[in-house]
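Below: the structure, in structure tokens.
The values are calculated or read from the model by the stated rules, or taken from the named source; none is laboratory data. Being a predicted model, the structure only gives us computed values, none of them experimental. We place every Cβ from the backbone using ideal geometry, glycine too, and count neighbours over all the protein chains shown. Areas reflect the complete protein model, heavy atoms only, side chains present, ligands, DNA and RNA absent. Shrake-Rupley method; radii C 1.70, N 1.55, O 1.52, S 1.80 Å.
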Amino acid sequence: MSHTSFFKQVNLHFDRAAQLTQYEPGLLEQIKSCNSVYHFSFPLKRDDGSIEVIHAWRAEHSHHKLPVKGGIRYAMTVNEDEVMALAALMTYKCAIVDVPFGGAKGGVKISKHKYSQAELERITRRYTYELVRKHFIGPGEDVPAPDYGTGPQEMAWIVDTYTALTNNLLDAMGCVTGKPVTQGGIRGRTEATGRGVFFGIREACSITEDMQKLGLPTGLEGKTVVVQGLGNVGYHAAKFLQEGGARLVGLLEYEGGIYNPDGLDLEAVMQHRRETGKILGFPGAKDVPNPKGLELPCDILVPAALENQITEQNMARIQAKIIAEAANGPVTSAANEYLREKGVLIIPDIYLNAGGVTVSYFEWLKNLSHVRFGRMQKRFEEKAQRQILSAIEKLTNRKLNEEEVEQLAHGPNEEDLVNSGLEDTMVNSYHELREIMRRHQDRIDLRTAAFVDAIHKVARSYMELGIFP
Ligand code: NAD
């Protein structure tokens, strides 16, 4: 395990990229600094009547754009350094995918499985109350979202608590994203990060020149994949990769991993886990102890659990040719350098897992506009397409059957629009990063290109404010 703190690791990447820009040191220092950190503790009355002190944080890394945005993590690894690092990654991530937010992150230091549902609700509502008191939450100030250990349920408690405590009822729904659809959420948000990871990997694999350098054929079809972490991000990434033609050969969870070079059926593994409580012992697969699963032979390794997974300890044994960082910070700075020199293609977290915040942005827009995407144009577009088809039928003297008409004249609904906006964002951003690499004669990796991109965009924002003329 590396001893460099997570926030320092992020800043090492930042400094490497900053050298390739011409900004004055003060501006770079401002971009890099974490603007505000709120550490608080509060008592939790447990179901048995005992009292426990809970520690929690919210870090707002950059206010160059408002609101700031970033998930809330429930894990025992949570500490000040971690939330600051994750908040910094959010600033850069939002800039890369042109989401107009600053970066933030929150965390509660708990092991979620030790608490009942009622206790988790009390923790979440009290956490929200503390954020409200210090103006660390609000649709125009700071908008949390799910992260490791949290999901739609926690987001529903947050919006309900915020709504009860605010006078700004019109926009209250926009105080948090990743909510259930019935509570102001948007269709496609749950899958968004994993779907974005899929789009990013697919795009990388579609570039023949880059695949040739790795000795791999172009495209996703048949590529072998190992995924670490079958939570929200890992499960959905694995699902879309499998549907896209890749072969899942290794799946790794908390309790250990399973390997089958002929492929694993994701849904059957998930069913086995529901029935037995673990993925181990899956029929036809070999059990692999943690953390050896990361070293399994594969074309694409997708770490989707937590940070600091690929380190100086195991970097020499990694066999993957592509590392797709679905989690935040899974490869340490030292391991990144080693693997880069070895020729491994690392698709960096600040680009690859930005699908979540992209669709969170769509959800926030929906909340502020109070209208579901597609509501006004769906039928109109369908009618217009039907008219075009009927004109074509007349011209060609060929009558389309109802099934063909249904397929061709389809007005987009909310989910279609969300997924299309997400795909567009991930595809365009990948090419923007590749273009930056090309401008540097391919001497820099994708991560450095991503940091260069983010630094330029945040710097421009500060300069346009006139703070650094
Ligand atoms: P999650 O809590 O839904 O799932 C995490 C999974 O990882 C769990 O199933 C857990 O058991 C497993 N896990 C934990 N330690 C492991 C280990 N050592 N080996 C194998 N598996 C292990 O969390 P998530 O929301 O999927 O987040 C995962 C990562 O993705 C985090 O780094 C998070 O910051 C990042 N991320 C999440 C989102 C999002 O929208 N949820 C967005 C961007 C980035």
Could you please state how large a percent of the accessible area of segment 240-362 is carbon and sulfur, counting protein chains only and using a 1.4 Å probe?
50
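Over segment 36-185, with the other protein chains present, what is the accessible area per residue in square angstrom, probe 1.4 angstrom?
Accessible area per residue, segment 36-185: 36 Å².
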Two-site FRET efficiency, H55 against I388, from Cβ-Cβ distance with R₀ of 60 Å, rounded to 0.05:
0.50
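Assign unit charges at the C-beta atoms only (+1 for Lys and Arg, -1 for Asp and Glu), then state the dipole size of segment 292-416 relative to its Cα centre in Debye, rounded to the nearest 20. List each step's numbers first, then the result.
Working: 15 positive and 19 negative charges, 86 e Å.
Magnitude of the dipole: close to 420 debye.
Within 10 Å of each candidate Cβ there may be at most 15 other Cβ atoms; applying that plus a DSSP loop requirement, which GluC sites (Glu not before Pro) in segment 226-302 survive? Mind dumping the intermediate values first?
Values: sites: E243, E253, E255, E267, E275, E295; in loops: E255.
Filter output for segment 226-302: E255.
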Lys/Arg Cβ at +1, Asp/Glu Cβ at -1, dipole of segment 321-469 taken about the Cα centre: which of N367, I444, G356 is farthest positive-ward?
I444
For segment 387-469, with all protein chains present and a 1.4 Å probe, just round the carbon and sulfur fraction of the accessible area to a whole percent.
52
Can you figure out the FRET efficiency of L20 with T77, using R₀ = 25 Å and their beta-carbon distance, to the nearest 0.05?
0.20
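Quick one: dipole size for segment 36-185, taken about the Cα centre, charges +1 on Lys/Arg Cβ and -1 on Asp/Glu Cβ, in debye to the nearest 20.
Values: 17 positive and 17 negative charges, 12 e Å.
Around 60 debye, computed over segment 36-185.
Looking only at the chain, where both bridge partners belong to it, what percent of the DSSP beta bridges are antiparallel (to the nearest 5)? Could the numbers behind the result be given before it?
Working: 23 of 48 bridges.
Beta bridges within the chain, antiparallel portion: roughly 50 percent.
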Quick check: the distance between the Cα centres of segment 34-63 and segment 185-209, to the nearest angstrom?
33
Multiply the residue gap between M463 and S33 by 0.36 nm, knock off their C-alpha separation, and tell me the result in nm, one decimal place.
153.1 nm
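In debye to the nearest 20, how big a dipole does the chain give about its Cα centre with +1 on each Lys and Arg Cβ and -1 on each Asp and Glu Cβ? Display every interim value, and only then the final one.
Numbers: 54 positive and 60 negative charges, 83 e Å.
Charge dipole, the chain, about its Cα centre: 400 debye, nearest 20.
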P(r) over all Cα-Cα pairs of segment 348-454, 10 Å bins from 0 to the longest distance, whole percent per bin, short to long, reads 13, 28, 22, 20, 14, 3
Considering the options S116, A204, P139, tell which one lies farthest towards the positive end of the dipole of the chain, charges being +1 on Lys and Arg and -1 on Asp and Glu at the Cβ, about the Cα centre.
P139
Just to be sure I understand: if I project the alpha-carbon convex hull of segment 138-239 onto a plane and average over all orientations, what area do I get in nm²?
8.4
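Taking 8 Å as the Cα distance limit and 6 or more residues as the minimum spacing, I'd like the relative contact order of the chain as a percentage.
Here the relative contact order equals 16 percent.
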Sort 144-153, 391-400 by packing, meaning the average of other beta carbons within 10 Å per residue, with the highest value first.
144-153, 391-400
Compute the distance from the alpha-carbon center of segment 101-162 to that of segment 322-352, in whole Å.
29
In whole Å, what three semi-axes, largest first, describe the equivalent ellipsoid of the chain built from its Cα gyration tensor (square root of 5 times each eigenvalue)?
32, 30, 26
Packing-based ranking, highest mean first, of 352-361, 311-320, 41-50 given that Cβ atoms within 10 Å are counted
352-361, 311-320, 41-50
Tell me, how many Å apart are the Cα centres for segment 359-376 and for segment 231-282?
33
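DSSP beta bridges in segment 1-142, what fraction antiparallel, as a percent rounded to 5? Intermediate values should be presented prior to the final figure.
On the way: 16 of 22 bridges.
Given both bridge residues lie in segment 1-142, the antiparallel proportion sits at roughly 75 percent.
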Just how much of K112 is accessible, in Å², when a 1.4 Å probe is used and the result is rounded to the nearest 10?
70
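Can you compute the FRET efficiency between H440 and L365 using 1/(1 + (r/R0)^6), with r the Cβ-Cβ distance and R0 = 25 Å? Round to the nearest 0.05. Please report the intermediate quantities before stating the final value.
Values: r = 34 Å, r/R0 = 1.38.
Result of the calculation: an efficiency of 0.15.
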Alpha carbon convex hull of segment 36-185, volume per residue in cubic angstrom
104
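Roll a 1.4 angstrom probe over the protein heavy atoms and tell me the percent of accessible area of segment 107-198 that is carbon or sulfur. Don't skip to the end; give the middle numbers.
Numbers: 1900 of 3650 Å².
About 52 percent, which is the carbon plus sulfur part of the accessible surface.
Once every DSSP H run of n ≥ 4 in the chain is given -39500 (n - 2.57) and the sum is divided by its residues, what mean residue ellipticity at 222 nm do you get, rounded to the nearest 500 deg cm²/dmol?
Details: 16 runs with 215 residues, N = 469.
Mean residue ellipticity at 222 nm (helix-derived): -14500 deg cm²/dmol.
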